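K.L.:
Take this structure, written in structure tokens, and hold onto it; I'll ask about it next.
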Amino acid sequence: MKKLVLLGPPGSGKGTQAEILSLKENFVHFSTGDLLRNEIANRTEFGKQIKDFLEKGLLVPDEMITDFIIEYIRKNDLYNKNVVFDGFPRRNFQAKRLDDELNSHGISIDKALLIDIDEKTIIERLSSRLICSSCNKIFPGDYEEELCDICHGKLIKRTDDNIDVIKKRIDVYKNETSELLDYYLKKGILVKIDGKKNTQQVFEDIKRMVL
Ligand code: ADP
Ligand code: ZN
């Protein structure tokens, strides 16, 4: 069973590609952002603690997020499944804890995929995209229908997809998350993919390079 980590700035297409992997290639889409937004929507104790960080585009503190994620992995027994990690890890601390957890079950991350893309394109994509309010599917700005094509849910803008928070999230990626590239490069499992290509082409590249 394969374990993939998706890396790349916000708006690079991680969520979209992870979704295709789950629909076509039998992967569990581990969407950290969706998990956290559900906690907030359900007003859990953890949701209350993290709300401010998400609204400001800041990372949830390492210990807090990592404990939550590792517990989720255990509860859902993800060890014997194909999993694509989207949004976790986001710092070396988190990556090490994830490695430790998987290693203690005799498994490890197979590949870390960097979806590479320039800043101008990201900003255009994020400021125009919508998501489904009930199933979280992502829709590009040029999508012409008003409702989700999967579940007919209403399409809404993510509250952190406004220009100030987008810029903050890109900064956070550059300053805090990009350390992971070195981490996975040193392990010899980093694979780089051109994220400017269209969705289908990016998916073909992923299939060719890691499946
Ligand atoms: P994007 O990749 O588009 O910025 P996500 O939906 O993956 O968005 O994450 C949204 C927000 O959730 C982040 O801006 C951050 O506040 C929080 N978050 C998600 N994953 C992590 C993580 N691994 N560590 C800390 N905070 C996180
Ligand atoms: Zn939907």
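The values are calculated or read from the model by the stated rules, or taken from the named source; none is laboratory data. If you're wondering where the values come from, they're calculated on a predicted model, not measured in any experiment. Virtual Cβ from ideal backbone geometry, glycine too; neighbours counted across all protein chains shown.
K.L.:
Can you tell me which of ILE131, ILE156 is within 16 Å of ligand 2 (Cβ to nearest atom) and surrounded by fewer than 14 Cβ atoms within 10 Å (Cβ to Cβ)?
P.N.:
When all the criteria are applied, what remains is ILE156.
K.L.:
For the stretch 171-200: of the residues being more than 16 Å from the chain's Cα centre (by Cα) and within 23 Å of GLY141 (Cβ to Cβ), which is surrounded by the most Cβ atoms within 10 Å (Cβ to Cβ)?
P.N.:
Checked the stretch 171-200; the qualifying residue surrounded by the most Cβ atoms within 10 Å (Cβ to Cβ) is LYS197.
K.L.:
I would also like to ask the following. Of the residues ASP62, ASP86, which is modelled with pLDDT of 95 or more, near ligand 1 (Cβ under 9 Å from one of its atoms) and touching a Ser or Thr at 6+ places or on another chain (Cβ under 9 Å)?
P.N.:
ASP86
K.L.:
Let me ask something additional. Looking at (1) loosely packed, with under 15 Cβ neighbours inside 10 Å; (2) farther than 16 Å from LEU181 by Cβ, which is the one condition that is false for PHE68?
P.N.:
Exception for PHE68: condition (1).
K.L.:
Further, regarding this structure: Just checking, which of LEU36, LEU21 is buried (at least 20 other Cβ atoms within 10 Å of the Cβ), away from ligand 1 (no atom under 13 Å from the Cβ) and part of a helix (DSSP H, G or I)?
P.N.:
Just a single option satisfies the conditions, and that option is LEU21.
K.L.:
Return the pair list, or none, for Cβ contacts closer than 6 Å from residues in the stretch 69-93 that are within 14 Å of GLY8 (Cα to Cα) to residues that are of a type in the set (Lys, Arg), at least 6 apart or on different chains.
P.N.:
Taking only residues 6 or more apart or on different chains, the pairs are ASP86/LYS14.
K.L.:
On the basis of being more than 27 Å from ILE20 (Cβ to Cβ) and either in contact with an Asp or Glu (Cβ under 8 Å, 6 or more places away or on another chain) or not charged (D, E, K, R) (or both), does PRO61 make the cut?
P.N.:
Judged against the criteria, PRO61 is a match.
K.L.:
It is to be established whether one or more residues within the stretch 161-174 are assigned to a loop (DSSP other than H, G, I, E, B) and more than 18 Å from SER12 (Cβ to Cβ).
P.N.:
yes
K.L.:
Assess whether ILE73 counts as being outside any helix (DSSP H, G or I), more than 16 Å from ligand 2 (Cβ to nearest atom) and either in contact with an Asp or Glu (Cβ under 9 Å, 6 or more places away or on another chain) or of a type in the set (D, E, K, R) (or both).
P.N.:
Against the criterion (outside any helix (DSSP H, G or I), more than 16 Å from ligand 2 (Cβ to nearest atom) and either in contact with an Asp or Glu (Cβ under 9 Å, 6 or more places away or on another chain) or of a type in the set (D, E, K, R) (or both)), ILE73 does not qualify.
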